[in-house]
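Notes follow the structure.
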Amino acid sequence: MPMCRIFAATFKKGKVSPILKIGLKRLEYGGYDSAGMATINNGHLEIKKGVGKIDEVDKQVNFESLEGRTGIAHNRWATHGYPSVTNAHPLTDCTGNIAVVHNGVIENFLELKADLIEKGHEFKSRTDTEVVAHLIEDEIKSGKDFVDACLKAVKKVEGSYALAIIYSKEPDKIVLVKKESPLYLGIGSDGNFASSDPVAFVDRTNLMIPLEDYELAVITPYDHKIYSLKTETEITRKPVQIDIKPQMIEKGGYPHFMLKEIFEQPTSLYYAINIQKPYLEAISELMNRSKVNFLVGAGTSYHSCLAGSYMYSKIAGLATIPVVASEFIQQYGNTLDPDTSLLLVSQSGETADVLKVASYARMKASTVMALTNVVSSTITRLSRLYLVQQAGPEIGVAATKTYTSQLLIHLLLALEIGKRREKISENEINEYYSKIRSIPKIAESVLKDTDQKIKEVAEMLKDSSHIFYLGRGINTATAFEGRLKMLEIAYIPSSAFSAGESKHGPIALIEKNTPVIFIAPNDSSRKVILGNIMEIKSRGGKIITLGNAEDKELKDVSDVYIGMPESEDIITPILYVLPLQLLAYYTAVLKGLDPDKPRNLAKSVTVE
Ligand code: AGP
């Protein structure tokens, strides 16, 4: 079950279900069409599951009524099998003694299922995951103990998985197995944990162990052991400190995580400016040395790559090719060689399309580097060098603060490369740095100054059937990002184009009062964009412009004008996207939608 999240815990004493429930709530960003929990009580499995968000399911089943010190839990985002109680995890074997939760996809499940049915197993769900429970059942029947049975069973499985498994006859043990889906052990003093994301157990321990692919771990309340699936030998790995503080995952007084995260940008930008210098220099060096440089990401992270390509070109005279991760191998795979570098950008570091590019590029001996927000994510393990953007956990499904941090880090890299290529003098670099250092303060005033006006624009736009976003140059990326935010959380069909493209087709859709949002800072494209505004205006479009606060001419031709502070053109994408994030947020709220959990989406897309 891809894009789900799993959580497991086993305690020396006390009930596990309340802790599992808290963890599930924190993991809800990863999937929320059904949820479930299983515990072992007096040698028997007890299971509660249902369809809906955690609170809805909890109302139906009362998770905390489950007794027992050991348990596993799951948030589901359906692929194989529609959301239903039967398809919700945990899933069990025929005897009802083994329960499994899973994040990933079992690619050979149809063959495995056919074999198992032939042997007499009865399947209750339509999921791929259920085969795991039955495979383990078979191994136990043939005389193996629980851990050995899991090891042998998982070896038959092809695909991706983070699995947590319990067996009622060995009630103190939880078996965890990982391949391609994230899985972390939490090492505590009252017991031990495992989860797709350490946020689930961050308030119970500050020590974790990230599991690697093809590893199987066993946790009991007293200890943990890790084994290699390939060699079946034990591995020793020291726990590392968790860098997330419990208060960071709460909403901090905001009604939604998204709004909190939007308003956290002055802080996250400040951290981005103070990113690890040695890694910045090392990545710049490798990019500078490479013959070809690709910037690869998905969704918002791709938009940062697009904006980044303008920065590298303008500041460092370096051509970079921004590519959507899911297209990369088809489009450029055959061109990769040891002289090629890839900077992979992924907030979560777990996006399957990006990880696939990483593995492919490694096979071709290209240089793989990454920019991510999650220190111990998979991408960091696949990259030769990586930068951590230090934006803090982003819980809202819509990327906000991590986008502006990514933009800022591209800018810092561009300056480093420009220095190496002697495209920019020491003086110019210093000037840039003093402007960059003022970004957090300016971002803070943009958020404060535009907030009220944006609420009014949201009121005006909330019933629109279509919204256009147009920008030019580097702010083409801002138009794309503004549109993505509106689409994903307010569900308003929206289109974005480089403004120059508008008369090559999109203008045909403009009717009286069609809302068109222009991103028009006072840069070299300002004059042409004014022309584009006039073209739309003369066809009846409603002009909403984000432009320099002092630009009277632009203001006069616009129906709504959002005044922005004067800034360096290369910095404008960081500032101009802020009102667009707010606009999407307020529009979603006015429509009665939950911006933190848009339908059909997950925070990180861990399947192709
Ligand atoms: C952004 O608002 C989206 N939810 C989505 O496009 C996201 O940016 C994309 O899935 C990439 O995620 P990543 O940065 O974690 O790789």
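Throughout, read-outs are computed from the coordinates displayed, never taken from laboratory work. Computed from a predicted structure; not experimentally measured. Ideal geometry is used to build each Cβ from the backbone, glycine not excepted, and the neighbour counts take in all protein chains shown.
What is the percent of Cα-Cα separations in the chain that go past 33 Å?
Value for the chain: 47 percent of Cα pairs lie more than 33 Å apart.
With θ set to phi - 60°, apply the Karplus curve 6.51 cos²θ - 1.76 cosθ + 1.60 along segment 502-514 and write out the HN-Hα couplings as whole Hz, x wherever there is a Gly or Pro.
With the stated coefficients, segment 502-514 comes to 4, 7, 8, x, x, 4, 4, 8, 6, 10, 4, 6, 5 Hz.
Specify the inter-centroid distance of segment 1-73 and segment 301-365, based on alpha-carbon positions, in whole Å.
Between the Cα centres of segment 1-73 and segment 301-365 lies a distance of 38 Å.
Tell me, how many Å apart are the Cα centres for segment 126-171 and for segment 381-408?
Centre-to-centre distance over Cα atoms comes out at 35 Å.
Can you report the principal axis dimensions of segment 5-248 using only the alpha carbons, biggest first, rounded to whole angstrom?
51, 43, 33
Under the rule of -39500 (n - 2.57) per DSSP H run of 4 or more residues, summed and divided by the residues of the chain, what mean residue ellipticity at 222 nm is obtained, to the nearest 500 deg cm²/dmol?
-11500 deg cm²/dmol
Given +1 on the Cβ of Lys and Arg, -1 on the Cβ of Asp and Glu, and no further charges, what dipole in debye does segment 254-437 carry about its Cα centre, rounded to the nearest 20?
Around 220 debye, computed over segment 254-437.
Quick one: Karplus J couplings for segment 456-461, per residue in order, coefficients 6.51, -1.76, 1.60, θ = phi - 60°, nearest Hz, x for Gly and Pro?
Ordered by residue, 3J(HN,Hα) equals 5, 5, 4, 4, 5, 9 Hz.
Extent of segment 340-408 along each principal axis, from alpha carbon coordinates, in Å, largest to smallest?
On the principal axes, segment 340-408 reaches 35, 22, 17 Å in Cα extent.
What are the extents of the Cα atoms of segment 448-608 along their three principal axes, listed from largest to smallest and rounded to whole Å?
42, 34, 33
Could you tell me which of L593, Q452, G473 has its Cα farthest along the dipole of segment 448-608 towards the positive end, charges placed at Cβ (Lys, Arg +1; Asp, Glu -1), taken about the Cα centre?
Of the candidates, L593 comes out farthest on the positive side.
With labels modelled as points extended 7 Å from the Cα through the Cβ direction, what inter-label distance (nm, one decimal) is found for A365 paired with K141?
5.0 nm
Working from the pairwise distances between different alpha carbons, so that the mean of 1/r is found and then inverted, what is segment 39-78's Kirkwood radius in Å? Mind dumping the intermediate values first?
Numbers: mean 1/r = 0.0917 Å⁻¹.
It is 10.9 Å.
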